[in-house]
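Reviewing the structure listed below.
The values are calculated or read from the model by the stated rules, or taken from the named source; none is laboratory data. Given the structure is predicted, the values throughout are model-derived calculations rather than measurements. With ideal geometry, Cβ positions are generated from the backbone for all residues, glycine too; neighbour counts draw on all protein chains shown.
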Amino acid sequence: MVNDLEKGIVMDLYHVLEKRNNKSIQILDILDVLLQVDKRLDNEKHPERLINKLTQYIRITASTGKIKFTSEEEKLTIQLSVIGQKAGLNGSYMADFSDKSQFYKFGQQVPCHNN
């Protein structure tokens, strides 16, 4: 089960990114995904797997969008990566970590910021 520290880090990263004045499409996508992960963490059998997918998504999306993280944002992302490492390598192969829809339930509307 997830503990309050893990949920706290997810929401701390959300709040720090939310304070940015100019939010790119990629930042908006990361914010959406952080909220979805926060909603799902309490019911996850293996929350470290979800956090691992989250950190992979953040890294790929940030790279694609050429996002430069502040030291605080980077610190929180690293803390999440450490938690995600507990998942091991299982699930890392053949996964499309750039697909935002993996964080949404089947049939749930996935916000699109490409407009």
Check your understanding: Of the residues in region 20-47, how many are surrounded by fewer than 23 Cβ atoms within 10 Å (Cβ to Cβ), modelled with pLDDT of 90 or more and among the acidic types (Asp, Glu)?
Key -> 2
**Study point:** Any chance Gln56 is modelled with pLDDT of 90 or more and surrounded by 12 or more Cβ atoms within 10 Å (Cβ to Cβ)
**Key:** yes
Revision key, fill the gap. Only one of (1) loosely packed, with under 13 Cβ neighbours inside 10 Å; (2) under 23 Å from Pro111 (Cα atoms); (3) in contact (Cβ under 8 Å) with a residue 40 or more places away in the chain does not apply to Leu13, and that is (1)
